[in-house]
Every structure is written in C-alpha cells, then in structure tokens.
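The values are calculated or read from the model by the stated rules, or taken from the named source; none is laboratory data. All figures in this text were calculated on a predicted structure; none of them were measured in a lab. Glycine gets a Cβ as well: all are built from the backbone with ideal geometry, and neighbour counts include every protein chain shown. For the accessible areas, the whole protein counts, side chains as well, though only heavy atoms, and no ligand, DNA or RNA atoms are used. Shrake-Rupley method; radii C 1.70, N 1.55, O 1.52, S 1.80 Å.
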Amino acid sequence: MTDEGRAPRLCVTNAKGGTGKTTVAINIAGALNDRGHDVLLVDTDPLGNATEGLGFLEDYYAEPPTVFDALTDHRQRDVVDDVIVAHEEMDVLPAAVDMQDAERELTIADLMARLAETPGADPDALTPHAVNMTPEAISAPHAKDQLSKVLDAVERPYDYVVIDSPPYFGELLDSSIYAAGNIVVPALTESASQGGIEMLFDRVDALGRETGATIRVLGAVANRIETTNEDQRMLSWLQEAFEGVPVWEVRKRVVLQRAFARGVSVFKYSAGSDATRWFDAIAADVERQLGPEARA
Ligand SMILES: Nc1ncnc2c1ncn2[C@@H]1O[C@H](COP(=O)(O)OP(=O)(O)O)[C@@H](O)[C@H]1O
Ligand SMILES: [Mg+2]
C-alpha cells in the first residue's frame, strides 16, 4: 500500500508507566469507532495489558507464529493478518508473551544495520545470535522500520491505527513511534511527570535525526486530573511544554477503570458519560489532524 493509501497511525506514548497509555489508546480507538471509523489497535507492550484487558489473554499466550515473528522475521510479515483478532469495537493486533524477546531482536537488527554501513564488516556475523533476525530484514540505513513493515503487510484497510506502546525507552518503543509518525502523550498532572516528558522529546528528536523521519506531536492528554493546586500547576506546565498543539483534559473517573475491567471503551460501557465527551473531543481532533481532509 502506498503512503497516501495508508491508514493514519498514531502511537500513544510516555516511557513512564501508569500515565494512562493503555486507557487512552483503548478509548481513542473506541471514540474513533463511535465516530464510524474502522480501527486497528496494536499492542506493542510485551506485558500485553491492552491485549488482556480487551479479552485476548488466550491470544497473548498463543503458540507461534505471533506478532513477534511478523516483527522479527521478514519472511513472516504476512502472518500478521492471521494474528489480528476482532473486538466488538475494533480489531486488535495482540501482544504476545514472546514479545519479551523483541527488544533483543530489534537491538540485533540495529547493530546489523550499522555493520551493513561499516566497510569490511559482516552483518551476517550476528545472525547466529538472533532468534529470527537476518540482514535481509534491513532495507534502510537503520532498522527502526520493522513494525512499520508489519503494518504495511496488513491486508485489511483500516481508517486509523492506534498503537499502545511499552512503558520504557528502547527499540520496541522507537519502532512504535517510527511506525506511527504521530504521537499522543498522556501525562499525569503531577510534577513527577515532567522529567519523563522532557526525555521523550529528546528521544523523539534523536529518532528523527537517526532515521530522517518527521515525527509529529498530535497533542498531550492531561490525565487523571483532580482539583488540587498541583494539578493546575502541571496543566500550565503541560500547556507550555506542548505549545502549539492541544492539551486535552481527562479527569480522574472510576468509569474508565470499570470500562477497562469489562474489556471495552467507555463508549460501550457508559455511553453519555462525561468521559465519552472528553475522548470524543480527542478523536475529533485526531480526525482534524490526520483525517482525509487533512491529507487532501
Ligand atoms: N482518567 C483516569 N481516571 C481514573 N483512572 C485512570 C485514568 N486513567 C488511567 N487510569 C487508571 O490508572 C492505571 C494506569 O493506567 P494505564 O492506562 O494502565 O497506564 P499505562 O498504560 O501508561 O501504564 C489503570 O489502573 C487505569 O485504570
Ligand atoms: Mg499500558
């Protein structure tokens, strides 16, 4: 599929755990579905919280081939279509327990890409150390495009692809951000969140330099807002840090936890709740920034 024909992708990311990545990813996907779109949710967190939460624990523990094989073996990209499962609101490319090994495979891929650019070096020397990875998987001066190639291999056309990413910096996160080219950053409204966001900006800049890709920040989600002074201070800080892009506000709501426990977004769990309004506003903004009109 050409770039123009390709569904817009966004990666929900913040390398700090517990900021609401999984909650935000599922509810943006639910909101886009509610607005009439076909959505694929991709879970690249090896812990598989989104996969399990949406009811696909069996797929998480499935025998190979899994997303791990599609990601790390260029001959198995096509298995992705068989691995995708259907949820009532979206399709899901589930994480798998063997994704724990993906970080190492992608690190080997990165080294293979570097050796391929080093006169006299043999990238194939690393092949025996990998489970699946071989130099044939590498077609760019870098190897950050492995997940992008998996998503390119997906047959079914979607309107949007939403990626839920791991809570740490590394190759899987780089690949997730690179594949999407667009990020949404959930952050808790507490001052301890600042360092992680500054590091994320640095990482995104470095990834852009390493790959030549332009990575666009769609917005931040100020998440689990309460009414303390600290929340207000952090909201102001976020508005400055994300100058020029929206800072969407999502308050602390038990309904979001309950919807997750039921394996659905708030749009199925509690239509009309205030949380659906907040996520619908985010989805409308995503449409504005990435939808067909924005691309026309
Ligand atoms: N706006 C919110 N209101 C209440 N609970 C929330 C909200 N956002 C996230 N949570 C809860 O916070 C915890 C961490 O969220 P999660 O989405 O798993 O974060 P991450 O994926 O970044 O680790 C979960 O228990 C989730 O239900
Ligand atoms: Mg998560």
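Structure above, values below:
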{"item": "Cα gyration tensor, segment 208-296 - rounded (a/c under 1.5), prolate or oblate", "result": "oblate"}
{"item": "Convex hull of segment 83-133 built on C-alpha atoms - directionally averaged projected area, nm²", "result": "4.6 nm²"}
{"item": "Mean projected area (nm²) of the alpha-carbon convex hull when segment 57-108 is viewed from all directions", "result": "3.8 nm²"}
{"item": "Segment 124-261, accessible surface, carbon-and-sulfur percent (1.4 angstrom probe)", "result": "47 percent"}
{"item": "In Hz, Karplus ³J(HN,Hα) per residue of segment 199-205 (6.51, -1.76, 1.60; θ = phi - 60°; x = Gly, Pro)", "result": "5, 4, 4, 4, 5, 5, 4"}
{"item": "Solvent-accessible area per residue for segment 97-239 (1.4 angstrom probe, square angstrom)", "result": "43 Å²"}
{"item": "Dmax and Rg, reported as Rg then Dmax, of segment 94-226 (C-alpha, Å)", "result": "16.6, 59"}
{"item": "Taking all pairs of distinct alpha-carbon atoms in segment 1-131, Kirkwood radius in angstrom", "result": "16.5 Å"}
{"item": "Check: segment 64-210 dipole with +1 on Lys, Arg Cβ and -1 on Asp, Glu Cβ, in debye", "result": "320 debye"}
{"item": "In order through segment 24-37: 3J(HN,Hα) via Karplus (6.51 cos²θ - 1.76 cosθ + 1.60), integer Hz, x for Gly, Pro", "result": "5, 4, 5, 7, 5, 4, x, 5, 5, 4, 4, 8, x, 9"}
{"item": "Probe 1.4 Å, accessible area per residue of segment 1-48, Å²", "result": "31 Å²"}
{"item": "Per-residue HN-Hα couplings for segment 256-272 [Karplus 6.51, -1.76, 1.60; θ = phi - 60°; Hz; x = Gly/Pro]", "result": "5, 5, 5, 4, 4, 5, 8, x, 9, 7, 5, 5, 8, 7, 8, 4, x"}
{"item": "Cα pair count fraction exceeding 31 Å, expressed as % - the chain", "result": "26 percent"}
{"item": "The chain: calculated mean residue ellipticity at 222 nm from DSSP helix runs of at least 4, using -39500 (n - 2.57)", "result": "-12500 deg cm²/dmol"}
{"item": "Cα-Cα pairs of segment 81-171 separated by more than 14 Å (percent)", "result": "71 percent"}
{"item": "Over 24 Å (Cα to Cα) - which of K16/K252; K21/K252; K144/K268 fall in this group", "result": "K144/K268"}
{"item": "Top of F68, F201, F279 by mean-square fluctuation, Gaussian network on the chain, Cα under 10 Å", "result": "F201"}
{"item": "Electrostatic dipole magnitude of the chain [Cβ: Lys, Arg +1; Asp, Glu -1; Cα centre; debye, to 20]", "result": "960 debye"}
{"item": "Taking only Cα atoms of segment 168-256, radius of gyration then Dmax in Å", "result": "13.9, 42"}
{"item": "Global form of segment 120-165, assessed from the alpha-carbon gyration tensor, a/c cut-off 1.5", "result": "prolate"}
